[in-house]
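The values are calculated or read from the model by the stated rules, or taken from the named source; none is laboratory data. In this text, all values refer to a predicted model and were calculated from it rather than measured experimentally. Reconstructed Cβ throughout: ideal geometry from the backbone, glycine too, with neighbour counts over all protein chains shown.
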Amino acid sequence: MNWYLNLIDILILVFVLVMARHTLLRGRYFLHIFQQNGYKLNEFWYWLVQHWNQRVITVEHVLYNVIIFVLLIFLSNAVTGSAAIIILAVFGISWFGPFNYYGGEESKKPLVFTPRMIRLTIPFAILSLLLPVAVTFISYAGYIPFTEMTIKNSGLYAADMYLLAFGWVLGHALIPFFIFAAALITKPIEAYVHRHFIKLAKQKLSQMPDLTVIAITGSYGKTSTKFMIRDLLSERYSVCSTPGSYNTPMGICKVINNDLEARHQILVLEMGARYEGNIDDLCDIAEPDISVVTNVGVAHLETFGSQDAIARTKSTIVKRTKPNGKAVLNADDERVRTMADLRDDLEFTFVGLESGDIRAKNIQYGPEGMTFVITVDDQQEQEFTMQLLGSHNVQNMLLAVGVARSFGLRLTTMAMAASRMEPVEHRLELKSQNGITVIDDAFNSNPVGAKNAVETLVAFDSGRKIIITPGMIELGDLQEEKNCEFGEQVGKAGLDLVILVGQNQTQPIKEGIASTGFDMKNVKTVNSLHEANQTMQNFAQEGDVVLYENDLPDSFNE
């Protein structure tokens, strides 16, 4: 009989260990999602609502509590205590043992334990483990601390498995809600930290009166344009710029406080916005001498509500440009062009593929990149060669040229700098793989970028053309419409193979493709990027061109 009791003891212990492991992994997962949603409680709540049955209150949570209820209420006289322990432990271990929230794939943007995340994790961990640890102690010790209350069973074999199981599963289910509590607890601390770093950044800028601040905003192309401006101006000046997509108040403050030095003559900042008022907050930190607006699209339409609201927010950068400063605007975007009407004291430069003071023509593509000719005021001309691809990158270069001309740089100097520019990772990045040309546009998730990417793919004159895409998200009420339009463009492009990733997400794309008369036998729908790669490799041959258009974030799940 001892072996049987030992088996019971081991089952209880394994159950606790499995639940502890799954609780820690689940907690880490929701911290990751919260970070990906910019630490915004409203966006995190929206994500929870969208994934309620898959991730928040799952089938396992419901069924496991049903089993506890049935055993306790209806079968308490028929099932022995040891049998109940075996049933609850086996079901718990089998259901909560696996952890496949990431679909078995490595996360694309890993959780980073920044100082803010560490501050959040401490109260979150305490709250998440409080109930499970408490019920485990009570079940094993046989009494409730600070009271005279005892429970009938105690010790391993005699532990109250009903209490133990219910406590762990309840605590497990409540994990995402503890993030709200932890965020509210740390909110005063975060507010103080923000004010402190903003104060330091503003003080530092006030001590550098000769520094020229260039700020870029727009729905798309901010990061690429920022790097182009940085690389062009670095031919003659000492330039500091924000890395990657650092476009939030804390991102900008971090660069100013840690990277900006007395030797720098120019500071290039990217200013992002998800809500009205965000650009104002950024300009409160660093008001620009030169402002650049790339375009007004539908990115983050869910949070803005309308394209007009997006335009109002982006125009703030022009309104907040220092008196008698300069602004470089995309003349091909009507909403951007009209921003010139907001100020009469600024020096405006208009650029565009179709209109403006600075334009481009003769765009050509090849395995080494693209070439085009830039004209200024219909007088000066200069051929540019870049490893970057896409007409929108030509547009970004025109904006950078507009800024560089205000500093007196010559077109020949700019062309030399452009030829040395490295592609931005995952943004129409040109690669070669076993004789196949790969266009990696995995980070591009907007209608303009997707359209340009397909046009770039078609412009290659060698091999067959293949696209792999999951479509676009975060487009609000326009998401289905824009994905359908994207599908129409793909269908009209006459590609040789279309691989769609995700059955539900890509349905509007499939409908758009079908509406063009495209042979649907050349459209394959798969469930993962891994499966898409296998399908492509089975089809592709040397000389073919493959476009990876968009890669959905870890927080997205059908």
Inside segment 253-282, the number of residues satisfying the requirement of being under 24 Å from Glu43 (Cα atoms), in contact with a strand residue (DSSP E or B) (Cβ under 9 Å, 6 or more places away or on another chain) and not in a loop (DSSP other than H, G, I, E, B) is 3
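Filter segment 29-63 for residues that are part of a helix (DSSP H, G or I) and among the hydroxyl-bearing types (Ser, Thr, Tyr); which is modelled with the highest pLDDT?
Just the residues of segment 29-63 that are part of a helix (DSSP H, G or I), to begin with: 29-36, 41-50, 52-56, 59-63.
Keeping just the survivors that are among the hydroxyl-bearing types (Ser, Thr, Tyr) gives 29, 46.
Details: Tyr29: 93, Tyr46: 88.
The extreme case among them is Tyr29.
Matching residues to (1) crowded, with 21+ Cβ neighbours inside 10 Å; (2) in contact (Cβ under 8 Å) with a residue 12 or more places away in the chain; (3) over 15 Å from Arg337 (Cα atoms):
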site	(1), (2), (3)
His264	no, yes, yes
Leu267	yes, yes, yes
Arg274	no, yes, yes
Ile279	yes, yes, yes
Asn295	yes, yes, no
Ser306	no, no, yes
Thr316	yes, yes, no
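Condition check ((1) surrounded by fewer than 19 Cβ atoms within 10 Å (Cβ to Cβ); (2) assigned to a helix (DSSP H, G or I); (3) out of contact with any Lys or Arg (no Cβ under 8 Å at 6 or more places or on another chain); (4) basic (Lys, Arg)) across all residues:
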{"site": "Phe177", "(1), (2), (3), (4)": "yes, yes, yes, no"}
{"site": "Ala191", "(1), (2), (3), (4)": "yes, yes, yes, no"}
{"site": "Ala201", "(1), (2), (3), (4)": "no, yes, yes, no"}
{"site": "Lys204", "(1), (2), (3), (4)": "yes, yes, yes, yes"}
{"site": "Asp210", "(1), (2), (3), (4)": "yes, no, yes, no"}
Arg26 versus (1) under 30 Å from Ala191 (Cβ atoms); (2) part of a helix (DSSP H, G or I); (3) out of contact with any His (no Cβ under 8 Å at 6 or more places or on another chain): which is the lone unmet condition?
(3)
Evaluate the following for Thr321: is it among the β-branched types (Val, Ile, Thr) and either part of a helix (DSSP H, G or I) or at pLDDT below 95 (or both)?
no
Among the residues of segment 64-102, how many are touching a residue at least 12 places away in the same chain (Cβ under 8 Å) and either acidic (Asp, Glu) or part of a helix (DSSP H, G or I) (or both)?
20
State all residues of segment 262-319 that are closer than 24 Å to Met228 by Cβ, under 23 Å from the mean Cα position of the chain (by Cα) and among the small types (Gly, Ala, Ser); if no residue qualifies, say none.
Gly272, Ala273, Gly297, Ala299, Ala311
Pairs please, first residue from segment 321-336 and within 16 Å of Gln395 (Cα to Cα), second anywhere and surrounded by fewer than 24 Cβ atoms within 10 Å (Cβ to Cβ) and among the aromatic types (Phe, Trp, Tyr), Cβ atoms under 7 Å, 6+ apart in sequence or on different chains.
Ala327/Phe348; Leu329/Phe348; Leu329/Phe350; Ala331/Phe350
Residues located in segment 346-356, provided they are modelled with pLDDT of 95 or more and either of a type in the set (Asp, Glu) or over 26 Å from Val213 (Cβ atoms) (or both)
Glu347
Tell me whether segment 537-547 contains one or more residues that are out of contact with any strand residue (DSSP E or B) (no Cβ under 8 Å at 6 or more places or on another chain), closer than 27 Å to Val394 by Cα and outside the structural domain of Gly221 (by TED's automatic domain parsing).
no
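Pick from segment 427-458 the residues that are under 14 Å from Gly494 (Cβ atoms) and either in the same structural domain as Lys226 (by TED's automatic domain parsing) or in contact with a helix residue (DSSP H, G or I) (Cβ under 9 Å, 6 or more places away or on another chain) (or both): which of them is surrounded by the most Cβ atoms within 10 Å (Cβ to Cβ)?
Filtering first and then ranking leaves Val454.
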Take the residues in segment 131-175 that are among the aromatic types (Phe, Trp, Tyr) and in a helix (DSSP H, G or I); name whichever of them is modelled with the highest pLDDT.
Trp168
Segment 233-251, residues that are of a type outside the set (S, T, N, Q), at pLDDT 95 or above and in contact with a strand residue (DSSP E or B) (Cβ under 9 Å, 6 or more places away or on another chain):
Leu233, Tyr237, Val239, Cys240
Residue by residue through segment 472-509, note down the ones that are touching a residue at least 60 places away in the same chain (Cβ under 8 Å) and assigned to a loop (DSSP other than H, G, I, E, B).
Met472, Ile473, Glu474, Leu475
Top-ranked residue of segment 369-390 - restricted to ones that are assigned to a loop (DSSP other than H, G, I, E, B) and touching a residue at least 60 places away in the same chain (Cβ under 8 Å), ranked as farthest from Lys451 (Cα to Cα)
Leu388
